[in-house]
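Here the structure is laid out as structure tokens; the discussion comes afterwards.
The values are calculated or read from the model by the stated rules, or taken from the named source; none is laboratory data. Just so we're clear, the structure is a prediction, and the values are computed from it rather than from any experiment. In this analysis, Cβ positions are derived from the backbone assuming ideal geometry, glycine residues included, and neighbour counts consider all displayed protein chains. When the accessible area is computed, the model is the full protein with side chains, heavy atoms only, and any ligands, DNA or RNA have been set aside. Shrake-Rupley method; radii C 1.70, N 1.55, O 1.52, S 1.80 Å.
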Amino acid sequence: MNKNLNVGSAGAAAFKSKSDLMLDEVNHIMKEKNLKFSLIGNNPISVMLDNHRNHINFMTSLFTTNDYSMLDKTMPWILNTYLSKGFTKSYFSHVLNTWMEVISKNISSTLSEEILAVYKYMLEAIENDRIVMGKDSSSYNSNAQKLARLLINGKHIEAMEYVRTFVKDRDSLMQTYMGLIQPAMYIVGDLWEKNEITVSHEHLATSLVMRIMSSFYEEYVLVKPSKYKIIIAASVNEYHEIGARIVADFLEMNGYDIRYLGANVPIDDLIKIIAEEKPYVLGISVSMSYNIGLFIEVLKSIRNYPGLKDLKIIAGGHAFSY
């Protein structure tokens, strides 16, 4: 990581305020470049546009936190995912140069200099092959690999029976969640990144895991609450909810009064139920690093709402793992 990278609060605010405008301009330019240079393989143009939206969310998060270790952790994931899906390496050079052009056009030079330094760092890392890819799925334990295969292939009954061989009581259920189900879903995610399975396979695996977890609910998870109330939810624009569900189940098994809200909870709706339920603690899950900026907005909205300034909040998820 280049330790000289730093974007001040004024630059971060300028980038955020111009983000929608710049996104539209980048999309327009990149559509033309793709027609000319065939940058995205056989993918529909919507995949590229989704990447640009995720990019603007991620960079907003990055400039807000000024944590550039997050950049070094995320670049291999982005590069590996899109290359495996048919994007060309030159796409990244084109799109980063386009972002730099658009930023220079829309943000004053006094504020854009620090921002452009970050983009130059990314561009040089990609063009000079300094991106180190992540670990292979074979590094996960064999039990998780077997479960992942069953899930991807839609083997619901076999997957259910296999998971049940590890569960005898509440303690072993918790161990199974963390030692079997969680790594199995990491494997599924890795395979999707490498384009070895489709998004439909990933959704199938997720739905089967949720059904398997639900099958244990009355048997092991459901207990009469004896402790304080907790709300658990996945953050705005966050559709990965298995981690949040695992935490909710752990807490409920231990007697806490849980309100589990699921994925992609809008800020206004979240605040409304917090005000109604008055929990002792709020837990929020964020899996994708490009959603950290949106998560920060959630925190600000909660803190600014009357009576919620001192609410205890815990945050977790893959986005915070580094």
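Could you list, in sequence order, the residues of region 187-210 that are in contact with a helix residue (DSSP H, G or I) (Cβ under 8 Å, 6 or more places away or on another chain) and either among the hydroxyl-bearing types (Ser, Thr, Tyr) or closer than 17 Å to ILE157 by Cα (or both)?
Of everything in region 187-210, those that are in contact with a helix residue (DSSP H, G or I) (Cβ under 8 Å, 6 or more places away or on another chain) and either among the hydroxyl-bearing types (Ser, Thr, Tyr) or closer than 17 Å to ILE157 by Cα (or both) turn out to be THR198, HIS201, LEU204, ALA205, THR206, LEU208, VAL209, MET210.
Within the set of pairs 6 or more residues apart or between chains, which connect a residue that is at negative phi and free of Cβ contacts under 8 Å to residues at least 60 places away in the same chain inside region 298-319 to a residue that is among the aliphatic types (A, V, I, L, M) and assigned to a helix (DSSP H, G or I) with Cβ atoms less than 6 Å apart?
Pairs that qualify, where the first residue is at negative phi and free of Cβ contacts under 8 Å to residues at least 60 places away in the same chain and the partner is among the aliphatic types (A, V, I, L, M) and assigned to a helix (DSSP H, G or I), are SER301/ILE267; TYR305/ILE271; LEU308/ILE302; ALA319/ILE292.
Under the condition of being open to solvent by less than 70 Å² (accessible area, probe 1.4 Å) and over 20 Å from the mean Cα position of the chain (by Cα), which residue from region 170-194 is farthest from ILE242 (Cα to Cα)?
SER172
Scan region 25-62 for residues that are within 17 Å of the chain's Cα centre (by Cα), open to solvent by less than 60 Å² (accessible area, probe 1.4 Å) and farther than 11 Å from VAL95 by Cα and jot them down. Give the derivation first.
Initially, region 25-62 is screened for residues within 17 Å of the chain's Cα centre (by Cα), giving 47, 50-62.
In the following step, the residues that additionally are open to solvent by less than 60 Å² (accessible area, probe 1.4 Å) were identified as 47, 51-52, 54-62.
Of everything in region 25-62, those that are within 17 Å of the chain's Cα centre (by Cα), open to solvent by less than 60 Å² (accessible area, probe 1.4 Å) and farther than 11 Å from VAL95 by Cα turn out to be VAL47, ASN54, ILE56, ASN57, PHE58, MET59, THR60, SER61, LEU62.
To keep it simple, each residue is scored yes or no on (1) in contact (Cβ under 8 Å) with a residue 40 or more places away in the chain; (2) under 21 Å from GLU196 (Cβ atoms).
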| residue | (1), (2) |
| --- | --- |
| ILE40 | yes, yes |
| ASP50 | no, yes |
| SER69 | yes, no |
| TYR82 | no, yes |
| LYS89 | no, yes |
| SER112 | yes, no |
| VAL118 | yes, no |
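For region 278-322, give me each residue that is part of a loop (DSSP other than H, G, I, E, B), surrounded by 15 or more Cβ atoms within 10 Å (Cβ to Cβ) and out of contact with any Gly (no Cβ under 6 Å at 6 or more places or on another chain).
Those that are part of a loop (DSSP other than H, G, I, E, B), surrounded by 15 or more Cβ atoms within 10 Å (Cβ to Cβ) and out of contact with any Gly (no Cβ under 6 Å at 6 or more places or on another chain): PRO279, MET288, TYR305, LEU308, LEU311.
Inside region 68-95, can you point out the residues that are open to solvent by less than 40 Å² (accessible area, probe 1.4 Å), in contact with a Leu (Cβ under 7 Å, 6 or more places away or on another chain), closer than 21 Å to ASN34 by Cβ and not aromatic (Phe, Trp, Tyr)?
Answer for region 68-95, where residues must be open to solvent by less than 40 Å² (accessible area, probe 1.4 Å), in contact with a Leu (Cβ under 7 Å, 6 or more places away or on another chain), closer than 21 Å to ASN34 by Cβ and not aromatic (Phe, Trp, Tyr): just SER93.
Just checking, which of LEU204, LEU270 is more than 23 Å from ILE292 (Cα to Cα) and outside any loop (DSSP other than H, G, I, E, B)?
Selected residue: LEU204, the only one of LEU204, LEU270 that is more than 23 Å from ILE292 (Cα to Cα) and outside any loop (DSSP other than H, G, I, E, B).
Which members of region 226-263 meet the condition of being open to solvent by 60 Å² or more (accessible area, probe 1.4 Å), touching a helix residue (DSSP H, G or I) at 6+ places or on another chain (Cβ under 8 Å) and either at pLDDT 95 or above or not in a loop (DSSP other than H, G, I, E, B) (or both)? Reasoning before the result, please.
Narrowing region 226-263 to residues open to solvent by 60 Å² or more (accessible area, probe 1.4 Å): 226-228, 239-240, 247, 254, 259-260.
Now narrow it down to the ones that are touching a helix residue (DSSP H, G or I) at 6+ places or on another chain (Cβ under 8 Å): 240, 259-260.
Across region 226-263, the qualifying residues are ARG259, TYR260.
If we scan region 148-166, do we find a residue that is open to solvent by 20 Å² or more (accessible area, probe 1.4 Å), closer than 21 Å to GLU241 by Cβ, among the basic types (Lys, Arg) and outside any loop (DSSP other than H, G, I, E, B)?
no
List pairs: first in region 157-170 and under 18 Å from PRO183 (Cβ atoms) and in contact (Cβ under 8 Å) with a residue 12 or more places away in the chain, second aromatic (Phe, Trp, Tyr) and surrounded by 15 or more Cβ atoms within 10 Å (Cβ to Cβ), Cβ under 9 Å, 6+ apart or cross-chain?
Short answer, once both residue conditions are applied: VAL163/PHE216; VAL167/PHE216; VAL167/TYR220.
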